[in-house]
Amino acid sequence: MAGDDDAYVYDEATGEWRPPGALAEAPARPEVRDASGNLLADGDSVTLIKDLKVKGAGQTLKQGTVIRAIRLTDDPAEIDCRHDTIKGLVLRTEFVRKR
């Protein structure tokens with residue numbers, strides 16, 4: 001039948017033949033893990049595992065401080081969050097542990 005050759009498209013990244021619409025899907029976000037290796041997701045709460053001096057705020061966040069409702073970024077080593085006194089806070093995942 002004519003047109004059957006267009007039913008699948010070769011995906012060079014995976015080496016598989018896929019339906020044409022499958023290649024248009026957005027790539028999956030990389031896994032984001034905390035200092036202990038736990039998987040993090042948007043909306044999780046985390047705890048700081050060491051004291052952190054916040055640049056530009058002149059403030060130190062103490063170990064054990066709970067940060068609620070984190071947001072993942074495009075960088076798997078950073079999370080976007082908000083603290084009561086600091087808006088627009090970006091933390092490295094190596095300094096937090098999932099609650």
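The local environment of residue 82, defined by Cβ-Cβ distances under 10 Å, has a net charge of +1 under the rule Lys, Arg +1 and Asp, Glu -1.
Within the straight-line cut-off of under 22 Å between alpha carbons, the lysines reachable from residue 98 are 50, 53, 62, 87, sequence neighbours fewer than 8 places apart in one chain being disregarded. Between residue 59 and residue 86, what is 0.36 nm times their sequence separation minus the Cα-Cα distance? Round to one decimal in nm. This chain segment gains 8.8 nm when fully extended. The phi torsions of the stretch 39-47, fed into the Karplus equation with coefficients 6.51, -1.76 and 1.60 and a -60° offset, translate into couplings of 6, 9, 9, 4, x, 5, 9, 10, 10 Hz, rounded to whole numbers, with Gly and Pro shown as x. Listed from fewest to most Cβ neighbours within 10 Å, the set 96, 32, 90 follows the order 90, 32, 96.
Relative contact order of the stretch 29-98: 36 percent, from C-alpha pairs under 8 Å at least 6 residues apart in sequence. Counting Lys and Arg as +1 and Asp and Glu as -1 over every other residue whose Cβ lies under 15 Å from the Cβ of residue 31, the net charge comes to -4. The calculated pair-distance distribution of the chain uses every alpha carbon pair, bins of 10 angstrom beginning at 0, and gives 14, 36, 17, 13, 12, 6, 2, 0 percent.
Laboratory data are not the source of any read-out in this text; all were calculated from the coordinates shown. In this text the structure is predicted, and so the values were computed from the model without any measurement. In this analysis, Cβ positions are derived from the backbone assuming ideal geometry, glycine residues included, and neighbour counts consider all displayed protein chains.
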